[in-house]
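Throughout, read-outs are computed from the coordinates displayed, never taken from laboratory work. On a predicted model such as this, the values are computed, not experimentally measured, just so you know. Cβ placement follows ideal geometry from the backbone for every residue including glycine, while neighbour counts extend to all protein chains displayed.
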């Protein structure tokens, strides 16, 4: 009987979490035309290279990939309750794998995101 109560409580918690998440995505993503539209400035900057392209997209996530002969770079943009997470994952062959992650508040402009990411990548590149 105790296990059944625990399962019911966990089920209720999951239900309300998913309901809140759905409401958040509707307010913060769907009402802006989806992830591709909402983050169009950022995506245009990330796809500036002719071979960069969007490889995955869903309601709360976009992946931009740039795969070349010996290197691959992946950008993951994930909407969350407080803002957006952006992850850079690069595989530079003999130079190894490298990752950076940013979390921006909902009020941060995409231009400010691009500027911060660009500065951080330039600083990081000087350390490789």
Notebook entry, point to check: To the nearest 10 degrees, how steep is helix 2-28 against the longest Cα principal axis of the chain, on a 0 to 90 scale?
Noted result: 50 degrees
Item checked: Distance histogram in 10 Å bins (all Cα pairs of segment 70-128, percent per bin) -> 21, 50, 24, 5
Note to self: If neighbour count is taken as other Cβ atoms inside 10 Å, put 9, 117, 54 in order from fewest to most.
What the structure shows: 9, 54, 117
Checklist line | Residues 39, 74 arranged by fewest to most Cβ contacts within 10 Å | finding: 74, 39
Check: Extension gain residue 89-residue 40, at 0.36 nm per residue separation less the Cα-Cα distance, in nm?
Finding: 15.6 nm
Check: By how many degrees, between 0 and 90 and to the nearest 10, does the Cα long axis of helix 110-127 differ from the longest principal axis of the chain?
Finding: 60 degrees
Notebook entry, point to check: Using the Cα atoms as the points, what is the convex hull volume per residue of the chain in Å³?
Noted result: 147 Å³
